[in-house]
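Working notes for the structure below.
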Amino acid sequence: MINFAARPPLLSLEDLSVEFTRNVGRVRSVTAVRSLSLELGEGEILAVIGASGSGKTLLAQAILGILPANATVTGQLRYDREPLDEKRLRTLRGREISYIPQTVSHLDPLMTVGRQVRIGLDPRTAGLRQRELFARYGLADDVARLYPFQLSGGMLRRVLFATSIRDSVRLVVADEPTPGLHPDAVAEVLRHLRELAEAGTAVLLITHDIFAAIAVAQRIAVMHQGELLSVEDARAFAGDGADLTHAFARDLWCALPQNQFRPAGA
């Protein structure tokens, strides 16, 4: 099992596979994630990178237990040293395990954003806590009365953070939280993730943006076609990538426009 975690793992995956069953005239099974093993420690940001279709989002959905009905998950998932089964996930999801989704379309367009942030909070203190979260993420109090369509993209991202973060949260799964954002908004999202980790929260950052990953993560998991190829030290993504342990990781790094699209080793 790959084990690069610097601290005792909060989340542990061993031989995790995700298989989909399809009925297209005959029943077929397609394996989308294969025998993936990974650990994530408290207070750590672990980034998962790879091209579209590499299995990154499926990995996040498997951890959260939100895969479609035709998916089968095998292998072992453990959270805080105990098996993470469906029954336990229902208890932990939204309380200790939080999800920051890929798109702002997850927000209810027919509900004010303030009300959405208050969902799941203690009714006696929900208003105060919502205002505290808005202040934390740079949202004015009067934004609470607005609907998602009335907010900018950057503001909606901040609302997503506010809906996802609770004092009880110990693990955050952030699925592509930065695509399409202005560089200042990207920096803001990454700062929020760093603040969570500094407070002791484990953060799994799913992203295709290598520069976003190396800006906040200690380790970077590299996926390709449903397989985990390597877990790299984030500091190895520098120069010509000579310190990266896997050739595909070097290829990804060297092929970036900032690295002049050069072949690995050139």
Region 106-148: D in µm²/s via Stokes-Einstein (Kirkwood Rh, Cα pairs, 37 °C, 0.692 mPa s)? 315 µm²/s
Among I119, I214, which comes first, then next, by fewest other beta-carbon atoms within 10 Å? I119, I214
Relative compactness, region 1-136, computed as alpha-carbon Rg over 2.2 N^0.38 Å: 1.25
Once each part is reduced to its C-alpha centroid, what is the distance from region 64-96 to region 137-214 in angstrom? 23 Å
Once both labels are modelled 7 Å past Cα along the beta-carbon direction, what's the R26-E96 spacing in nm? 4.5 nm
Under a crude label model (7 Å from the Cα following the beta-carbon direction), how far is A199 from E14 in nanometres? 3.2 nm
Provide, in order from the shortest bin, the percent of all Cα-Cα pairs of the chain in each 5 Å bin, continuing until the bin that contains the maximum pair distance. 1, 6, 12, 16, 18, 16, 13, 9, 6, 2, 1, 0, 0
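Values in this text are rule-based calculations from the coordinates and carry no lab data. Predicted model only: the values in this text are computed from it and were never measured. Quick reminder, even Gly has a Cβ in these numbers, built from the backbone with ideal geometry, and neighbours come from all protein chains shown.
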